[in-house]
Amino acid sequence: MVNKIWLLLFIIGIFFALHNNRIVEINNALLEAPQDAVKLIISLTGLYIFWSGILQIAKDCGLIEKFAKKIYFITKLIYPELPKDHAVHGYLASNMAANMLGLGSVATPLGIKAMEEMKKLNQNKDSASRSMLTLILINSSCLTLLPTTIISLRKVYGSNEPTKVIPLIIITSFLSTLTAILIDRLFYFLNKKKFK
Amino acid sequence: MNFSAYIIPVIIIFLMIYAYYKKINAYESFIKGAKEGLKYSFEILPYVASMIIATSVFRSSLFVETITKHLNLARLINPDILTFMIFKPISGMASLAVLKEIYQNYGPDSFLGLYASVIQGSSDTTLYIITVYFGAIGIKEIKYAIKAGLLNDIINFILGFLILWLFLLR
């Protein structure tokens, strides 16, 4: 499916560029986009190095494990498939906390860590396990308590009340995380055979 | 006071004091973790690059803008917000650019500005998360990830609209 979307983006893009007479823009996009990607990754690399280092300290002091135990009653509900007392719960709990605080660049290395542990639990197969799909859905609906980026952006564009949207974002993201869990359950039960 | 500015420094000082108290070699731990962080960004680069190149070609063709304007949906839904919704799950860069245009054209405190803010704050770039997370650990068969993710994005757009509408009714 990623393959189809990827191909369609190119086919539709170049076809419509010809139609809209924007061939120069397409050439610019092809020239600049790969550089943009590298620039983005370079800016993220610093953050990943820093936060993965900080997280390793938290892990080695036993803080992540402690936090995971406190929040286990939630992770157990969301990820019924995962064994108790496994390292993965620590990463899941911290990934959730980072997302809530609006720290996206911290959440990503934690989420990848959790995915690694899930892959080990899934006998290193190259197909997605149930809990991986749950993690992806939860992360894409991103439960937020502090939408920092959006508030500063609103301020920049001259909003009288930049923080007005905070309660709305909290409620919407909370509800959409709930629907993400429901959708996850629904799709899992409809596709149960594929997990054998 | 800007409360959020305190979160990260407070977390870090707490962690450092705790590491000192627990007598662990925090420096060694940091280096070990940092190496993994470097590995992740290296692993995800091809996935990120492939998506950014495809979405920026798609974006520069003005396909979405052409469609949203020609379909005469103006009575049903504003073409700018529709463009924003289409880009939101596909490309973080493109949706941020459209969000800024909406702020500029209608103002961040208008209904459209508020609605775009709610959507931006309450959902993430689904396609990016799927490619990065699965790419980093080498998963090839992703099952229903995209279908489920996009369905939840649509539900999120509806929820955001209803909640904003209820909020403004008060």
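Within a 10 angstrom radius of each residue's Cβ in A:59-66, how many Cβ atoms of other chains show up on average? Whole number is fine. For peptide A:59-66, the averaged partner shielding equals 4. Computed from Cα atoms, the angle from the helix B:145-169 axis to the main principal axis of chain B rounds to 70 degrees. Remark: segment A:165-181, residue by residue, has Karplus-estimated 3J(HN,Hα) of 7, 4, x, 5, 5, 4, 5, 4, 5, 5, 5, 6, 6, 4, 5, 4, 5 Hz, where x stands for each Gly or Pro and the curve is 6.51 cos²θ - 1.76 cosθ + 1.60 at θ = phi - 60°. Between the C-alpha center of segment B:24-40 and that of segment A:25-87 there is a gap of 14 Å.
Restricting the calculation to Cα atoms, segment B:55-170 shows an Rg/Rh of 1.00 when the hydrodynamic-style radius is the Kirkwood one. Other protein chain C-beta atoms within 10 Å of residue C-beta, averaged over A:37-49: 6. Across peptide A:170-181, the mean count of Cβ atoms from other chains lying within 10 Å of each residue's own Cβ comes to 6.
Using C-alpha pairs below 8 Å separated by at least 6 residues, the relative contact order for chain B is 19 percent.
The alpha carbon convex hull volume per residue for segment A:47-194 rounds to 129 Å³.
Checking every one of the GluC sites (Glu not before Pro) in segment A:72-142 against DSSP loop status and a limit of 12 other Cβ atoms within 10 Å picks out no site at all.
Of the cross-linked pairs A:Lys39/A:Lys119; A:Lys119/A:Lys192; A:Lys193/B:Lys143, those separated by over 23 Å at the C-alpha level are A:Lys39/A:Lys119. Considering only the other residues whose Cβ falls under 11 Å of the Cβ of A:Arg130, what net charge follows from Lys and Arg at +1 and Asp and Glu at -1? So the environment of A:Arg130 carries a net charge of +2. Between the C-alpha center of segment A:118-196 and that of segment B:50-124 there is a gap of 20 Å.
Checking the Cα-Cα distances for A:Lys155/B:Lys100; A:Lys4/B:Lys140; A:Lys59/B:Lys22; A:Lys113/B:Lys23; A:Lys76/B:Lys147 against a 18 Å cut-off, the pairs over it are A:Lys113/B:Lys23; A:Lys76/B:Lys147.
Of the residues B:Ser123, B:Ser50, the one with the fewest other Cβ atoms within 10 Å heads the list, and the complete ranking is B:Ser50, B:Ser123. Kirkwood radius, the protein assembly as shown, all distinct C-alpha pairs, inverse of mean reciprocal distance: 21.5 Å.
Quick note: the coordinates plus some simple rules give every number you see, no bench work behind them. Everything numeric here is computed off the predicted structure, so don't read it as measured data. So basically every Cβ, Gly included, is an ideal-geometry build from the backbone, and we count neighbours across all protein chains shown.
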